[in-house]
Each structure stands twice: as structure tokens, then as C-alpha cells.
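Here's the structure, in C-alpha cells; my notes come after.
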Amino acid sequence: MTRLGSVLLAIVVAIALAFLLLPLLALFLRVPPGTLVGQLGSGAALDAILVSLKTSLLAHAIILGIGTPVAWVLGTRSFPGRRIAIAAIELPLVLPPAVAGIALLAAFGRRGLLGGTLEGFGISLPFTQAAVIVAIVFVASPFYVRQAIAAFASLDRTLIDASRTLGAGPLRTFRRIGLPLAAGALGAGSSLAFARGLGEFGATIIFAGSFRGETQTAPLAIYAQLDLDFDTAVALGALLIIVSVAVLAAVNLIPAWARSTSVFPIPFASSASR
Amino acid sequence: MGPLHIRVSHPLRVFRLEIALDVGAETVALVGPSGAGKTTFLRAVAGLVRPEHGSVAIDGEVWLDTKTGVSLPPERRSVGLVFQEYALFPHLTVAENVAYGGRARAAELLERFGLAPLAQLHPGELSGGERQRVALARALARDPRVLLLDEPLAALDTQTRAELKAELGERLRELGLPTLLVTHDYDDAAALADRIGVLVEGQIVQLGTAAELVAAPASPFVAEFTGVNFLRGAAVPGFDGLTEIRLADGSTVYSTDPGSGQVGVVVVPWEITLARSAPAGSARNHLTGLIRALTPVGNRVRVSVGPVTAEITAASAEQLELRPGEQVVATFKAAGTRLVPLAPDAPP
């Protein structure tokens, strides 16, 4: 490549990076550190952050708890309808969040498909904190499950077969072979899903509304503050970045910590590199 | 311990796998080209493949019976399966790999297989031969009643292979378990197994000891696998009680074996001598032909001449200055041949 070509390429890369990083930089430049800390004390911001954390973490637990076994089945077994099931799981990825929200209302709303049934049990989902969690699970789960299916499907089948012939049933095989060997990819998918869930806006505002302290998550609070006080909105944005980075780090550290303290340590490097 | 009883019938891509086999406290090798259904057969015994029809039982304990719908999952069949590429768990140490099958025997097996010094290493840090030992130890940790080996030597380089062949054979004899191994290499089968079954397109065409297969191969295919010469021809009684066999290329071969009609003439390569011109001597058979190929095998050379292959020492090949394309005479005694009757419409 010519010298000119290299220079042009470098300029394009620099512009792309600047475009991506400039807004984030602007956010932090606009809010002096003092204001940032002060915002934590302001009721609206604190409430929003707490609602966001609570709903995101609960939703994430549901996504991991249900998504992992589902992905294992879809990734390691072949059965009729498997491709359709995978397509259904990936559907929310291409669904506009607002459509997801209105669809959830159509299903679980008071006059929705299952609304009457739920009401019979004394459950009313829309505009509650549970609705926030449902919206996040609906929108964010494909980011994890899709990755997990791919990770399990790419496992060396003979390792699974070997485990079975060594006397391990399907459950033990999943726990001792499937999970540790897919850990790296699962962690990456988990991070993506969590980030997507924390930023959820469209489906949440339609299905759960924006009630302070109840369903108003940080992204919704930013939107609400926009008309009232631009600086508060900006500070909330900066806070959300900090919180999400911190939580992501924690979520990724937990498996590493669990590995390092298990009776049979599994070196992270070897499982991640295979 | 009772024999392992196996009947398997299962469709493969272009033919059916149809095998009936009983294995006592011995090693039986199924040898055949790749794609003959060897691995599918082992997987069916282990429970990783459910055959369309069949039964697997040992000591009256039924693992599979498609008639009654019994099909135990792999974890409930007492088998040890050594996979072709060994399938060691990459995230577990040698000790953990072996203990995966059963903790009780793990320490003893590590010791016995000389793996104790490697116990804390991961499979990625082992040589091919070490991996094979780990795979075998792991398969045995469960104290299986049946041992299955899928191409146990294929993943090794030539030198390690030669070393490990003897070692593995020794181990299998010590264990005294019903053992089934599949391989595409006849020499491996001959070195490791008590009985050898030659598998062609899903069927065992011949089952016997290595000596039996070499002495009387049932078909040209079996002969080719065992490495002996198999010449097809029409036999008629000749002079002096010899049988005269007219080969397809018009040449004639004599045998001390009786026979008539379509026969296969079996000659082992080391019974054939080579010379520049037909030697005067007691040997009755002289086939003149061009050298098609020279293949060194250790300190010997396999020389393909016309329809036969001779095995001579490397020194003799050197002395005769044999080159491909040159004409030589292959000589062997009538007493050194075996005749195998062939069905008239037998496949080539």
C-alpha cells in the first residue's frame, strides 16, 4: 500500500473513533465531578439508578437461568422445529423496541390476550416493576441466548460423547463439560445482554410506563429530565455509563472468582482459548 | 465373565451395517477401509448411536434390544470407549480427566500407566503417546466390563506408533476384558487382536486369527488388506499331482494344493524371490514382469512385479539395483502357495 493510502486509512480510522468517543467525552466534560456526585443525592437520579439496577439484575438472572439450558438443548440436539425455535428466539433482535412494548401490552395488558387470565389470578402486569423486568427479558435475552446456542453448538461433540461414556448423565455433562468449555463465549453474550437490558427504553416506556421509583429506569429518567433540566439529564447519562461499566466488570468477575475458588480450579485461559 | 453379544443392523449412506459378533475375554479387531462403518459400530455398542435393529448384551444384562424397546443411555452401559483423537477434556488436568470416569481407581491407574508425574498437566501439554495413555486410563477408571477402542494408534506419528503398539497390546492382554477395536490398518489389528474381522461395506467378510486370514483369505480384498498376494485363475489338475492354474494374463502358476475351477492363489510376499533372469532351481513358478513400484518397509522393500508383490531385504534390492520399469523374474515354490476356491461369480 502506498504511503498516501496508509495516511488516508489512518485518517478514516481516527474520524470513526472520534465520532464514537466524542459524545461520551462531551457528556463527561459537561458534568463537573462535583455535580456528578451531587446528582447521586438528588432523589430522581438515585431512584432511577436503583430501579435500573434492580430490574436489570433480576432480568439478567432470569435470562441466564432460563436461557442457558434452552441454549444447551438448541445447541446440542437436533429435532424437528429446531430452526424455527432459534428464529423465534432471535426475533426480538430485529423487532423495534416500541413494537416489542406494544406486543407485550397486546399479550399481557389488561385487555390483552392473557390479561383476563392473569387478572383471574390477581395479577396485573402492565405498569409495574415486574413489567420492566418482562420488557428487559424480552428485548435483551436474544443477545445472550443466541451467543450461547452458537457456543454450545461449536463444542466438540466427541467431548460430550466421551463424558456420557464415562458415566456422566446429560446434566453432569452439561455442568462439567459444556458450561466450562463455553464459559468465554457465554460471558461475552451475558455482557452484551446486560448492557442491552440496562439501556432498554422503548419497550419499557410502553409496557411499564415511567413512574418514578417504580418503573422509571435510568434511560427513562434521562428522557423525563430532558425537558426539565438538561444538566441533570446529562449527569444521569454519565452516571449510567459508570454504573454499567462497574456492573459489567462485576458480572464478568464473578465467574472468574468462582473458578478460582472451586475445588478443582479450571484455568480461565485454557477454557477461553478453546 | 460372559461374552459380549452384539447384533447390529443399521442403514448407512450407501449400504447397511450388518454385524453379528460375540466377543469373549479377548481382543477382536474390526479392520476395514474408512467409511466401512467401523466407528458407527462402536458407537452403537457404546449407546451413542441407536441402530435401527439389533441387540447388545453382556452376561445376560441387556443394553439394547430394539425388539423390546430397551436402549440404555451410554452412561448406564459399562463400557470404556477410547476415542480416535482421544477426546480428552481440555479444561481438566490429567488427574481430573482420569477421575472423571471414577475416583476410586484414578490414583491406581495414574500410577500403573506411568501418568503420576503428569497428573497436574493439561492435555494440551502432552505428547501423542501420553494422551493415548490418559485416554485408556480414563476409559478404565469406570471399571468397565467392555473396552472399545476407535483407531487407537491413528493419531500417533509413525515412530510413537511402533513403540506404543507393543505396549498397548501388552495392556490389553493384561486387562483380559472383552475388547473391540476398529482400525483401518491391518498390521495394527494383527499386533493387538486375538481375532480379526475384515469389514467391507458394513459386513464382516471374514473373521479369524491373523494367521488364518493370511493363510486363507476369503477374497482378494481380504488378501489385499493382509498384504498377501492373491492371484485369480482357473485351476486344472496338472502333472505330478500339482495343480495348474491359468491366470487371467495368460501365465501359468503351479500349486501343491488341490483345486479346480475358479480359485485364488495365495502367496505371501516373503516367499517370493526376485532375479534378473529365471534361476535354475527347484522352484516351479516364474512370473516375468516389469517393476511397478518399490516401497521401503523398515529394513525390507516391497517390490510390485506384474501381478504379485515380493518382499525382499533392502540389501538385496540394493544389490540387484532394482528400478521401477525394469524387467525382473519373480520366483516362488509350488509348495509355497495356497489355493482358495472362489465362487464363479465372485466379485473381483
Inset, instruction - Kindly list, by first and then second residue, each pair from a residue in segment A:166-183 that is more than 10 Å from chain B (Cβ to nearest Cβ) to a residue that is surrounded by fewer than 19 Cβ atoms within 10 Å (Cβ to Cβ), limited to pairs with Cβ atoms under 8 Å and residues at least 6 apart or on different chains. - result: A:174/A:69; A:178/A:76; A:178/A:155; A:182/A:155
Inset, instruction - Would you mind finding the one in A:48, A:71, A:59 that is of a type outside the set (Lys, Arg), in contact (Cβ under 8 Å) with a residue 60 or more places away in the chain, under 21 Å from residue A:231 (Cβ atoms) and in a helix (DSSP H, G or I)? - result: A:48
Inset, instruction - State the number of residues belonging to segment B:78-97 that are in contact (Cβ under 8 Å) with a residue 60 or more places away in the chain, more than 7 Å from chain A (Cβ to nearest Cβ) and more than 20 Å from residue B:156 (Cβ to Cβ). - result: 1
Legend entry - Residue that is part of a helix (DSSP H, G or I), under 19 Å from the mean Cα position of the chain (by Cα), under 12 Å from residue B:27 (Cα atoms) and away from every other protein chain (no Cβ under 14 Å), where the choices are B:181, B:168, B:164, B:213: B:168
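Collect the residues in segment B:113-129 that are part of a helix (DSSP H, G or I), more than 12 Å from chain A (Cβ to nearest Cβ) and either free of Cβ contacts under 8 Å to residues at least 24 places away in the same chain or in contact with a strand residue (DSSP E or B) (Cβ under 8 Å, 6 or more places away or on another chain) (or both), keeping them in residue-number order.
Here is the first cut: in segment B:113-129, the ones part of a helix (DSSP H, G or I) are B:116-118, B:123-125, B:128-129.
Now drop any that are not more than 12 Å from chain A (Cβ to nearest Cβ), which leaves B:116-118, B:128-129.
If the condition is that a residue be part of a helix (DSSP H, G or I), more than 12 Å from chain A (Cβ to nearest Cβ) and either free of Cβ contacts under 8 Å to residues at least 24 places away in the same chain or in contact with a strand residue (DSSP E or B) (Cβ under 8 Å, 6 or more places away or on another chain) (or both), then B:116, B:117 are the ones that fit.
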Inset, instruction - Just give me the residues in segment B:289-346 being surrounded by fewer than 19 Cβ atoms within 10 Å (Cβ to Cβ), outside any strand (DSSP E or B) and touching a residue at least 60 places away in the same chain (Cβ under 8 Å), in sequence order. - result: B:333, B:335, B:336, B:343, B:344, B:346
Inset, instruction - Residues being within 31 Å of the chain's Cα centre (by Cα) and crowded, with 21+ Cβ neighbours inside 10 Å: count how many of those fall in segment B:77-99. - result: 13
Inset, instruction - Return a yes/no flag: does segment A:10-29 have any residue that is farther than 30 Å from residue A:158 by Cβ and not in a helix (DSSP H, G or I). - result: no
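Here's the yes/no breakdown for (1) charged (D, E, K, R); (2) without any contact (Cβ under 8 Å) to a residue 60 or more places away in the chain; (3) crowded, with 17+ Cβ neighbours inside 10 Å:
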position: B:3; (1), (2), (3): no, no, no
position: B:12; (1), (2), (3): no, no, no
position: B:21; (1), (2), (3): no, no, yes
position: B:25; (1), (2), (3): no, no, no
position: B:32; (1), (2), (3): no, no, yes
position: B:41; (1), (2), (3): no, no, yes
position: B:44; (1), (2), (3): no, yes, yes
position: B:48; (1), (2), (3): no, yes, yes
position: B:56; (1), (2), (3): no, yes, yes
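Considering each residue of segment A:177-222, count those that are among the basic types (Lys, Arg) and at positive phi, and give that number.
Initial filter on segment A:177-222 (among the basic types (Lys, Arg)): A:196, A:212.
With the extra rule that they be at positive phi, the set shrinks to none.
Total meeting the criteria: 0.
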Inset, instruction - Have a look at A:162, A:203, A:135, A:148 and point out the one that is within 14 Å of another protein chain (Cβ to nearest Cβ), surrounded by 22 or more Cβ atoms within 10 Å (Cβ to Cβ) and part of a helix (DSSP H, G or I). - result: A:162
Inset, instruction - Would you be able to tell me the number of residues in segment B:1-58 that are within 22 Å of the chain's Cα centre (by Cα), within 14 Å of chain A (Cβ to nearest Cβ) and charged (D, E, K, R)? - result: 1
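Laboratory data are not the source of any read-out in this text; all were calculated from the coordinates shown. Please read these numbers as outputs of a predicted model, since none were measured by experiment. Neighbour counts run over all protein chains shown; Cβ positions are idealised from the backbone, glycine included.
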